[in-house]
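The structure appears right after this line, and notes come after that.
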Amino acid sequence: MGAGTPPPPGVGTIGAVPSFSARVDITHLPGIADPAGATVERALPALGYTNVSQVHVGKTIRLVVEADSAQAARTQVEEMCERLLANPVIEAYEVTVS
């Protein structure tokens with residue numbers, strides 16, 4: 001790696017503490033309306049995609065967390081989801097840490 005080149009994704013170190021890449025996939029809970037998914041589903045036939053149904057739109061959040069272990073990073077990201085990143089009343093989330 002040359003000067004100014006960012007480290008590759010995954011486990012690395014920002015400072016003296018290891019860093020972990022985290023991905024959060026957020027979707028609507030079953031039974032919760034998904035207006036964006038419904039809009040996409042209605043628009044696809046106009047583009048010739050008449051064989052598509054049950055479209056759901058979610059979001060993905062990627063971040064790097066400094067933590068002593070992958071489990072500590074996961075715990076922090078799950079707390080972030082409960083407090084800010086997801087609305088647990090209407091959304092489900094899945095955390096992946098590498």
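The values are calculated or read from the model by the stated rules, or taken from the named source; none is laboratory data. Source: prediction; values computed, not measured. Virtual Cβ from ideal backbone geometry, glycine too; neighbours counted across all protein chains shown.
In table form, for the structure just shown:
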{"read-out": "Total residues in the range 14-38, condition free of Cβ contacts under 8 Å to residues at least 12 places away in the same chain and either of a type in the set (A, V, I, L, M) or surrounded by 14 or more Cβ atoms within 10 Å (Cβ to Cβ) (or both)", "value": "2"}
{"read-out": "Among the candidates ILE61, ILE14, residue that is in contact with a strand residue (DSSP E or B) (Cβ under 6 Å, 6 or more places away or on another chain) and modelled with pLDDT under 95", "value": "ILE14"}
{"read-out": "Set GLU91, GLU78, GLU41: member being crowded, with 16+ Cβ neighbours inside 10 Å, under 14 Å from the mean Cα position of the chain (by Cα) and without any contact (Cβ under 8 Å) to a residue 24 or more places away in the chain", "value": "GLU78"}
{"read-out": "Options THR60, THR50; residue that is β-branched (Val, Ile, Thr) and either closer than 20 Å to SER21 by Cβ or touching a Phe, Trp or Tyr at 6+ places or on another chain (Cβ under 9 Å) (or both)", "value": "THR60"}
